[in-house]
Amino acid sequence: QARLVESGGGLVQPGGSLRLSCARSGSAFGPYMVGWYRQAPGKERELVASINSVGDQKYADSVKGRFTISGDNALTTVSLQMNSLKSEDTAIYYCHLKGLGFYRYDDWGQGTQVTVSS
């Protein structure tokens, strides 16, 4: 069982940038994926970006061209660089480890608040 801790959230003006980080303690056996999810008030939690254990990246249409996900080789640290932020990006952002093979990891971080407001 991995432990995930997010950091980097805060208050930022529209058009600004934030960089979120997800740090994992403990080992994980591949294949697996780390995803960044967000949940805004009154909305369902949605996947905004992911990276898997071979480095493939995917993005939700709403963040393509603005957000970039990256990590080290073992994905012990995964970052989400968020640029050109909009008010609709306001949400609690969560890091998630998902096992894609034999090991069915399903671990969530505690979440970090991102507020985009002028």
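The values are calculated or read from the model by the stated rules, or taken from the named source; none is laboratory data. Keep in mind the model is a prediction, meaning the values are calculated, not measured. Cβ: placed from backbone, ideal geometry, glycine included. Neighbour counts: every protein chain shown. Ligands, DNA and RNA are excluded from the accessible area calculation, which covers all protein heavy atoms including side chains. Shrake-Rupley method; radii C 1.70, N 1.55, O 1.52, S 1.80 Å.
Only a single criterion out of (1) open to solvent by 20 Å² or more (accessible area, probe 1.4 Å); (2) in contact (Cβ under 8 Å) with a residue 12 or more places away in the chain; (3) in contact with a Lys or Arg (Cβ under 7 Å, 6 or more places away or on another chain) is not satisfied by Val48, namely (1). Listed by position, the strands (runs of 3 or more DSSP E) inside region 1-94 whose residues that are out of contact with any Ser or Thr (no Cβ under 6 Å at 6 or more places or on another chain) and β-branched (Val, Ile, Thr) number at least 1 are 3-7, 10-12, 32-39, 46-52, 67-71, 77-82. For region 17-44, a tally of residues being surrounded by 15 or more Cβ atoms within 10 Å (Cβ to Cβ) and of a type outside the set (Phe, Trp, Tyr) returns 12. Which of the residues that make up region 69-78 are touching a Gly at 6+ places or on another chain (Cβ under 7 Å) and open to solvent by less than 30 Å² (accessible area, probe 1.4 Å)? Within region 69-78, just Val78 meets the criteria.
Okay, residues lined up against (1) farther than 28 Å from Val54 by Cα; (2) at pLDDT below 95; (3) crowded, with 19+ Cβ neighbours inside 10 Å; (4) not β-branched (Val, Ile, Thr):
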site: Leu80; (1), (2), (3), (4): no, no, yes, yes
site: Asn83; (1), (2), (3), (4): no, no, no, yes
site: Lys86; (1), (2), (3), (4): yes, no, no, yes
site: Tyr93; (1), (2), (3), (4): no, no, yes, yes
site: Lys98; (1), (2), (3), (4): no, no, no, yes
site: Tyr105; (1), (2), (3), (4): no, yes, no, yes
site: Gly109; (1), (2), (3), (4): no, no, yes, yes
site: Val114; (1), (2), (3), (4): yes, no, yes, no
site: Ser117; (1), (2), (3), (4): yes, no, no, yes
